[in-house]
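Each remark here refers to the structure printed beneath this line.
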Amino acid sequence: MSVADPVYRYRNDQTENALFVEAERQLNICNSCRYCEGYCAVYPALERRIVLDRSDIVHLANLCHDCRACLYACMYAPPHEFGVNPPAILAEVRRTTYRSQAPWFVRKRESVRVLASFPLAFFSTVFGIAIVVMLIYVGHGLSSLFHTLDPVGSPYAFISYETIITVSLVISGFSLVFVTAGVITYWRETRGPLADLFRPGPWARALRDGATLRNMRGGAEGCYMKENHASSERRILHYLVSYGFLLCFVATIAAAIEQDLFSIQPPFALLSLPVISGALGGGGLVLGSLGLLRLKSTQEVIATDGPMTAMDRSFLIALLTLGVTGVATLVSRSSSIYGFVLAIHLAVVWTCLMLAPFTKFIHFIYRLLALVQDNLERADKLAVR
Amino acid sequence: MGISRRYYTIRHRSLTRPFPPLRSNRTIDTGEMVVLPGESETITKLSGNTDLSGEFDVVVIGGGNAALVAAMSARHYVKRVLVLERAPYEVRGGNTRHTRNVRCVHQQIDAYNTGSYLYEELWDDLCNIGSGPSNEKLAELTVRESESVPGWMSEHGVLWQPPLSGTLHLGRTNRFFLGGGKALLNSYYRTLSAMSINVSYGSSVEGFIEQGDSVTHLLVDIDGKRCQIDARAVVCASGGFEANFEWLARYWGDSAYNYLIRGPVYNDGTVLSLLYDLGAEPAGQERGFHAVAIDARSPRFDGGIATRIDAIPFSVVLNCHGERFYDEGEDLWPKRYAVWGTNIALQDNQIAYAIWDSKVVREFLPPMYGPSSSMTLAGIADSIGLDPDRLERTISEYNTAIVPGVAFDPTRLDGAHTSGLTPEKSNWAQPIDQPPYYAIAMRPGITFTYMGVKIDSNAKVQREDGSCFANVFAAGEIMSGNILSSGYLAGFGLTIGSVWGRIAGREAARYVSG
């Protein structure tokens, strides 16, 4: 009997059910082989399971950090008739996780397309918000867009602190509702008891795994974005992006503290914490997202899922825009275009914040949850079933 | 010039052609396209940028572990080394694709071995399988040389992993390479490239041209195009003949057609038969092979590890008549898994059925296609097509024959046995009484054949008249019959390939350098 038939069936049946049937078929082959157990956490986690159901597959998919070492080590990879390709099938499953967090009105209308066309959604939202921000400026006269206002280099010359805070809080609240709902749904589906989500030991280890991107080491050599070429590039670029993002966040918090606790008003000195961390963070975001965009464009297509790559690209373009406009805001703060640049940057920040729950922005949250689950399983030394 | 012409019609075999013809059936055709030395046609279709013209110092036939080790070993001494891999790039590497670890002597515990494994112990293990080593001198050399193999592998790009799990419990004796055999091959091929060793894929050796006691030229079919390659020395590391059913049927009769081959379709023994034609002396038993029990639904070729069934020690195994026929609990699985290929090969219809219950499902790797299951034994009999009454009777006889009071322990010989059966089950005997019940049909999965060519301690191929070829060497499965007679020791195929690949490559290069 040949197993080529299920592959054929799956290729001709693009429903979610067919996807999970195919993922289960491939993972069962992996579970009876187990050669890849040295690469990452996915395979030991698979070995803790004898029978796979949908929740197991979702968990394994989100635990996968997409290093692709297993694909190139697999004697059953295409063109073998078993057609085993874990990175691609798990990416496809992850896409269903991300999609399931979209609001019902988007989800019902084949949201993959919406998400895949994210650059369009992103830039039109940016555009809309930028218009609104500029309208707010009109209070200072429309010409203020291209003139310096006092105090020079302070955003509050254009838009009040209260407005920025209010808008940011409203958008964050909106996103938080969806992210929280997503986290709860995901945890219920893959693990069960919410109480498990509050165990400090596994969390500490999960945070360490996440912060070091241990599972992107692919055993030893790093990620295989191409056959016969493994490197740490992808992991390092991820450090740049994620720690860059974190530094930008630090800059914002530091600015708030200086303002509210020490009554130091912007513009902050060049050697102040908000400026240094903002500049470093923005630089990391730009370099990291450019590097990852380049990696995506040269990667081997067989190892991944097309729509997922589209999501990745959109996400990276958003991060790049975030970094570029952030750095531009800093650089241009004493020039006549500061008002204009600031409006664009605020629009980008708010757009990212608003779209985060429905795009690749949230991937790190599910990866982290999967790592918590993985460390819970290891801590309990418990077979899942 | 004393050239004995051996030209044959080149037949390009593809993966879709499951039964390659026996060489003896081929038309000998000296009239067609005779390529003489000095008249080599210009080769255009090359793998990579390999220039196949001019004389190579060492030509290695094969693309698996033994071949690559031989090529690297030779390249340390000579400049122009060529690897002729019959398979296309995507499925390069022969049976090595399906390997996972290597069994070597080691004195120390380290990150990759959980304990020491000394010369005497490996030697004893080797003597305790089947009828022991075929040639004690060569087997001793293999065991002795194995100690330096892991270090050599590391130096040539191989990465290792700690033994994490699996049911074979080989972490002390065997060293696991990270990601398994294909990852090992990828590392080696990258090293080959770094060492400027030429590799030609889709290159099938179809004939040798002999001059005196040397092979000077090879007739090679490269992706359907025939050409001639000039060699100063040749290493044959092209594997056994397990993928050639007609050849197997010579020794096993028609039952061979019910065997499944765990490795690629390319191992049909072409090079081995060419060597026999040149008078090479056979080594090893005709029916010697490494075979295990695999899922009867596996593909005819290349199913590899995932199709193996490890349920046997915790099951009852029945033949097609619903009878038990061999002690399922004879010894620890790593020591006995290899007897089951032959066990099943010797049953009627070359099929057997493992039956277990829900108590033991966690004790072994889950079968890839999944077992059939039922809440009743009759349902199980129905699912595998056995007579329900006969099956129930066998199971109930087995259940009542179990000597009570011995605790089941899957990690050691627990002595939980039956009494009064023929054959008995001597360990891990537990009643099959806790539904759901599970069953799976198994066939012999042939890994590789042992019968090959006789070599001396320099891996030089010997002839039936007692002489040696001057420049023909052999390594890997094609000479494994010098070491293994019957039975198998997990990870030892890689040991043989590595030890003899190293010797063959080195000696071939030494011959060339004078």
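Derivation of every value follows stated rules applied to the coordinates shown; laboratory data play no part. Just so it is clear, the model here is predicted, and its values are computed rather than measured. Positions of Cβ are generated from backbone atoms using ideal geometry, with glycine treated the same way; all protein chains shown enter the neighbour counts.
Put simply, the C-alpha atoms of the protein assembly as shown give a gyration tensor, and the ellipsoid matching it has half-axes of 58, 36, 23 Å, longest first.
For chain A, what's the relative contact order in percent, using C-alpha pairs closer than 8 Å and at least 6 residues apart? Relative contact order for chain A comes out at 26 percent.
With both residues required to sit in chain B, DSSP beta bridges show an antiparallel share near 75%. Calculated FRET efficiency, B:Arg300 to B:Ala378, Cβ-Cβ distance, R0 = 41 Å: about 0.80 to the nearest 0.05. Scalar couplings 3J(HN,Hα) for segment B:496-502, obtained by applying the Karplus form with A = 6.51, B = -1.76, C = 1.60 to θ = phi - 60°, are 4, x, 6, 4, 7, x, 5 Hz; x denotes Gly and Pro. Along the charge dipole of chain A, which of A:Thr325, A:Cys70, A:Ala220 sits closest to the positive end, that is, farthest toward it, with unit charges on the beta carbon of Lys, Arg, Asp and Glu (+1, +1, -1, -1)? Of the candidates, A:Cys70 comes out farthest on the positive side. Per-residue shielding of A:214-223, expressed as the average number of other chain Cβ atoms within 10 Å of the residue Cβ, stands at 2.
For each pair in A:Lys381/B:Lys335; B:Lys79/B:Lys460; A:Lys226/A:Lys360; B:Lys182/B:Lys454; B:Lys182/B:Lys359; B:Lys335/B:Lys359, compute the distance between the two Cα atoms and list the pairs where it is over 27 Å. Check vs 27 Å cut-off fails for A:Lys381/B:Lys335; B:Lys182/B:Lys454; B:Lys182/B:Lys359. About the centre of its Cα atoms, chain A shows a dipole size close to 280 debye [charges on the beta carbon of Lys, Arg (+1) and Asp, Glu (-1) only; nearest 20 debye].
Fewest neighbouring Cβ atoms within 10 Å first, the residues A:Ile165, B:Ile380, B:Ile503, A:Ile317 line up as A:Ile165, A:Ile317, B:Ile503, B:Ile380. Could you pull out which residues in segment A:346-385 have an amide N less than 14 Å from a spot 7 Å beyond the Cα of B:Arg362, following the Cα-Cβ vector? Residues A:378, A:380-385 qualify, since their backbone N sits under 14 Å from the label point. A simple packing score, the average count of other Cβ atoms within 10 Å per residue, orders the peptides B:237-248, B:59-70 as B:59-70, B:237-248, with the highest score first. Could you state the angle between the C-alpha long axis of helix A:16-33 and the longest principal axis of the C-alpha atoms of chain A, as a value from 0 to 90 degrees rounded to the nearest 10? Roughly 60 degrees between the two axes. Counting other Cβ atoms within 10 Å as a rough exposure proxy, the listed residues B:Cys227, B:Cys236 run B:Cys227, B:Cys236 from fewest neighbours to most. Each principal axis of chain A carries a Cα extent, and these read 78, 42, 40 Å when sorted largest first.
In this structure, A:Leu271 and A:Glu16 have a Cβ-Cβ separation that, at R0 = 51 Å, corresponds to a calculated FRET efficiency of about 0.45. Across segment A:165-179, rounded Karplus estimates of 3J(HN,Hα) from the backbone phi angles (6.51 cos²θ - 1.76 cosθ + 1.60, θ = phi - 60°) give 4, 4, 4, 4, 5, 4, 5, 4, x, 4, 5, 4, 4, 5, 5 Hz, Gly and Pro being marked x. Counting only alpha carbon atoms, the long axis of helix A:306-331 and the longest principal axis of chain A meet at about 20°. Remark: mean inter-chain Cβ contacts per residue of A:37-44 equal 4, using a 10 Å Cβ-Cβ cutoff to other protein chain atoms. Counting, for every residue in B:298-311, the Cβ atoms of other protein chains within 10 Å of its Cβ and taking the mean gives 4. If the chain linking B:Asn458 and B:Arg390 were pulled fully straight, counting 0.36 nm for each residue of separation and taking away their Cα-Cα distance, it would gain 18.9 nm.
Each residue of segment B:232-241 was assigned a 3J(HN,Hα) from its phi angle through the Karplus curve 6.51 cos²θ - 1.76 cosθ + 1.60 (θ = phi - 60°); the sequence is 8, 8, 10, 10, 9, 9, 9, x, x, 10 Hz, with glycine and proline shown as x.
With R₀ set to 60 Å, the beta-carbon distance separating A:Asp196 from A:His147 gives a calculated FRET efficiency near 0.60.
With each run of n ≥ 4 DSSP H residues scored as -39500 (n - 2.57), what mean residue ellipticity at 222 nm is computed for the protein assembly as shown after dividing by its residue count and rounding to the nearest 500 deg cm²/dmol? My calculation for the protein assembly as shown gives -13500 deg cm²/dmol from helical runs alone.
Every pair of different Cα atoms in segment B:315-391 enters the Kirkwood calculation, which places the hydrodynamic radius at 13.5 Å. How far is helix B:136-146 tilted, in degrees, relative to the longest principal axis of the Cα atoms in chain B, given as a value from 0 to 90 rounded to the nearest 10? That works out to roughly 90 degrees.
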